[in-house]
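Structure, as structure tokens:
FYI, it's all coordinate maths here, none of it is from the lab. Given the structure is predicted, the values throughout are model-derived calculations rather than measurements.
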Amino acid sequence: MGRVSFVLRLGIFSILMAWSVAGPALVRGADQAPQVPPLRVPVDQLDGIQRATIILDSYSYTPNHLIVQAGKPVELLLTSITTITPHNFLLKNEAAGLSIERDVGAGRTVTVQFTPMKPGIYPFYCDKKLLFFPSHKEKGMEGTLEVR
Ligand SMILES: [Cu+2]
């Protein structure tokens with residue numbers, strides 16, 4: 001009886017030790033979204049357009065931080081890789097003359113063209129939501145357009 005209890009305690013102790021070593025690391029790993037560095041959108045040498053592709057998934061834009069130059073046209077290919085969930089792309093700033101609102105159906109690619117004139121940091125996001133659930137933006141589906 002005494003031996004069984006000792007083995008049992010040893011077992012619990014081992015589990016606790018394993019958790020204290022590996023547990024916090026696992027929790028940290030689960031919290032962190034994959035980090036993608038800001039994308040400096042290249043200018044096409046032939047037509048002068050700053051062209052980039054953004055992948056839309058539930059619930060993210062990849063890349064989620066794009067850097068473009070003011071005064072040159074931008075073309076974004078919004079490519080959804082979801083199979084059911086519809087998304088959209090909203091980028092609005094009245095002072096900067098930006099008013100973009102496009103739906104991107106599941107599995108679709110939509111092209112958005114605009115020319116940002118005013119340097120600044122402009123957020124974009126998806127405002128879709130299902131019933132009483134949090135919006136996609138609230139689930140992390142947002143990003144930043146940085147105009148320099
Ligand atoms: Cu969405």
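Please go through the residue pairs Lys72/Lys118; Lys92/Lys128; Lys72/Lys137 and name each one whose alpha carbons sit more than 20 Å apart in this structure.
Lys72/Lys137
Here the gap between Asp103 and Glu138, fully extended at 0.36 nm per residue and compared with their Cα-Cα distance, gives a gain of 10.8 nm. With the convex hull constructed from alpha-carbon coordinates only, region 39-147 shows a mean projected area of 6.5 nm² over all directions.
Subtracting the Cα-Cα distance of Val43 and Asp57 from 0.36 nm times their residue separation leaves 2.5 nm of extension gain.
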